[in-house]
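Asks: This is the structure, below, for whatever I ask next.
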Amino acid sequence: MNAPPLKKEIDLTITRVFYAPRPLVFKVWTTAEHLARWWGPKDFTVPAVATDFREGGTWRSCIRSPEGQDYWARGTYREIVPPSRIVLSFTWEEEDATDTLITVTFEEVTGGTRLTFHQVPFPTRESRDSHAEGWGECMDRLLAYVATHREAAQ
Amino acid sequence: MQKTSWLNYRRVKCGMDRLSSTLSALADPTRRAIIARLAAGEATVNELAAPFDMSLPAVSKHLKVLERAGLISRGRNAQWRPCRLEAGRLKEIADWVERYRRFWEGSFDRLDSYLDELQRDGKPDHI
């Protein structure tokens with residue numbers, strides 16, 4: 001069977017160390033003024049961003065590509081524990097977009113702050129049999145299993 | 001490798017509806033285990049059912065969900081013909097993740113520069 005190579009994760013985990021104090025790294029997630037300065041991929045601008053940074057509050061942003069195409073996204077803050085943790089949903093404003101759940105944690109490390117970002121899809125279409133909370137870990141194990149078996153089979 | 005712009009994924013008419021049905025199908029640990037088993041090769045329904053403390057009809061229900069989501073294909077005579085993984089769907093998910101990865105890696109690169117700038121300019125780091 002010729003299957004294309006599978007990525008290691010379906011849930012997305014990114015870890016970065018920023019050479020800045022934790023309160024500052026946390027702070028730049030919390031206001032529209034700060035977010036507008038870093039949100040979005042390389043060479044995109046942020047024509048609009050709004051945030052009601054509190055548990056249950058919402059956020060909305062527009063990013064604009066170098067070609068001038070606008071992409072809107074929105075979400076809700078599920079959990080906020082300053083200065084260590086933010087849990088928010090993130091959904092593109094497109095037809096049939098899948099919701100995702102993002103957890104960002106901030107830890108002090110020597111010289112700066114480690115930011116750990118974790119995003120999982122949060123399918124809401126079929127709520128029966130949904131095990132969305134365990135999604136990230138289980139999918140990780142599944143794909144590790146698959147990767148192992150693919151190597152063994154070669 | 002073909003350079004795919006971040007934008008192209010969004011415009012591809014693959015149907016996000018299909019993607020979210022794929023993701024829903026995989027939101028169940030039994031079905032994920034079935035997919036994992038099929039990634040190692042084709043299997044019959046009986047072979048797939050073996051590891052689970054579950055009746056054959058219960059396993060068949062899971063297989064139907066996976067088949068509707070396009071993740072597996074089955075022979076017509078479902079009892080006897082093997083189930084096969086349709087890895088194209090899993091690749092769609094991988095591509096979907098990749099789009100997010102580009103968004104966030106790009107954002108964190110910009111965040112890195114922005115934090116440098118804030119500290120260089122001596123702006124206060126408190127509320």
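The values are calculated or read from the model by the stated rules, or taken from the named source; none is laboratory data. Here the structure is a predicted model, which means the values were calculated and not measured. All Cβ positions, glycine included, derive from the backbone under ideal geometry; neighbour counts span all protein chains shown.
Asks: Could you grab the pairs with beta carbons closer than 7 Å, sequence gap of 6+ or different chains, first residue in segment B:41-53 and hydroxyl-bearing (Ser, Thr, Tyr), second one assigned to a loop (DSSP other than H, G, I, E, B)?
Replies: Within 7 Å, the pairs are B:Thr44/B:Trp80; B:Thr44/B:Pro82.
Asks: Just a yes or no: is a residue in segment A:105-121 charged (D, E, K, R) and at pLDDT below 90?
Replies: no
Asks: Next question, about the same structure. Starting from segment B:96-122, take each residue that is without any contact (Cβ under 8 Å) to a residue 12 or more places away in the chain and within 12 Å of A:Tyr19 (Cβ to Cβ) and list its partners that are surrounded by fewer than 16 Cβ atoms within 10 Å (Cβ to Cβ) and not aliphatic (A, V, I, L, M), counting only C-beta distances under 7 angstrom and pairs at least six apart or across chains.
Replies: Cβ pairs passing all conditions: none.
Asks: Could you check how many residues of segment A:49-67 are within 15 Å of A:Trp92 (Cβ to Cβ) and either of a type outside the set (Val, Ile, Thr) or out of contact with any strand residue (DSSP E or B) (no Cβ under 7 Å at 6 or more places or on another chain) (or both)?
Replies: 6
Asks: Considering only segment A:86-97, how many residues are over 24 Å from B:Ser20 (Cα atoms) and out of contact with any Phe, Trp or Tyr (no Cβ under 7 Å at 6 or more places or on another chain)? Don't jump to the end; show me each part of the working.
Replies: Step one: list which residues in segment A:86-97 are over 24 Å from B:Ser20 (Cα atoms), which gives A:86.
Checking the rest, the ones that are also out of contact with any Phe, Trp or Tyr (no Cβ under 7 Å at 6 or more places or on another chain) come to none.
Number of matching residues: 0.
Asks: Next up: Please find, within segment A:65-74, the residue that is surrounded by the fewest Cβ atoms within 10 Å (Cβ to Cβ) out of those that are closer than 18 Å to B:Trp104 by Cβ and within 13 Å of another protein chain (Cβ to nearest Cβ).
Replies: Checking each candidate, the answer is A:Trp72.
Asks: When only residues in segment A:77-99 that are touching an Asp or Glu at 6+ places or on another chain (Cβ under 9 Å) and among the polar types (S, T, N, Q) count, which is nearest to the other protein chains (Cβ to nearest Cβ)?
Replies: Here the residue is A:Thr91.
Asks: Give segment A:42-64 a look and list any residue that's in a loop (DSSP other than H, G, I, E, B), in contact (Cβ under 8 Å) with a residue 24 or more places away in the chain and within 10 Å of another protein chain (Cβ to nearest Cβ), or say none.
Replies: Answer for segment A:42-64, where residues must be in a loop (DSSP other than H, G, I, E, B), in contact (Cβ under 8 Å) with a residue 24 or more places away in the chain and within 10 Å of another protein chain (Cβ to nearest Cβ): there is none.
Asks: Out of curiosity, is B:Gly70 under 20 Å from the mean Cα position of the chain (by Cα), surrounded by fewer than 16 Cβ atoms within 10 Å (Cβ to Cβ) and touching a residue at least 40 places away in the same chain (Cβ under 8 Å)?
Replies: Numbers: under 20 Å from the mean Cα position of the chain (by Cα): yes; surrounded by fewer than 16 Cβ atoms within 10 Å (Cβ to Cβ): yes; touching a residue at least 40 places away in the same chain (Cβ under 8 Å): yes.
Considered against the rule, which asks whether it is under 20 Å from the mean Cα position of the chain (by Cα), surrounded by fewer than 16 Cβ atoms within 10 Å (Cβ to Cβ) and touching a residue at least 40 places away in the same chain (Cβ under 8 Å), B:Gly70 comes out as yes.
Asks: Among the residues of segment B:32-46, how many are surrounded by 14 or more Cβ atoms within 10 Å (Cβ to Cβ) and either acidic (Asp, Glu) or over 20 Å from the mean Cα position of the chain (by Cα) (or both)?
Replies: Qualifying residue count for the region: 4.
Asks: Could I ask something else about it? Have a look at B:Arg99, B:Arg89 and point out the one that is crowded, with 16+ Cβ neighbours inside 10 Å, over 17 Å from B:Ala36 (Cβ atoms) and modelled with pLDDT under 90.
Replies: B:Arg99
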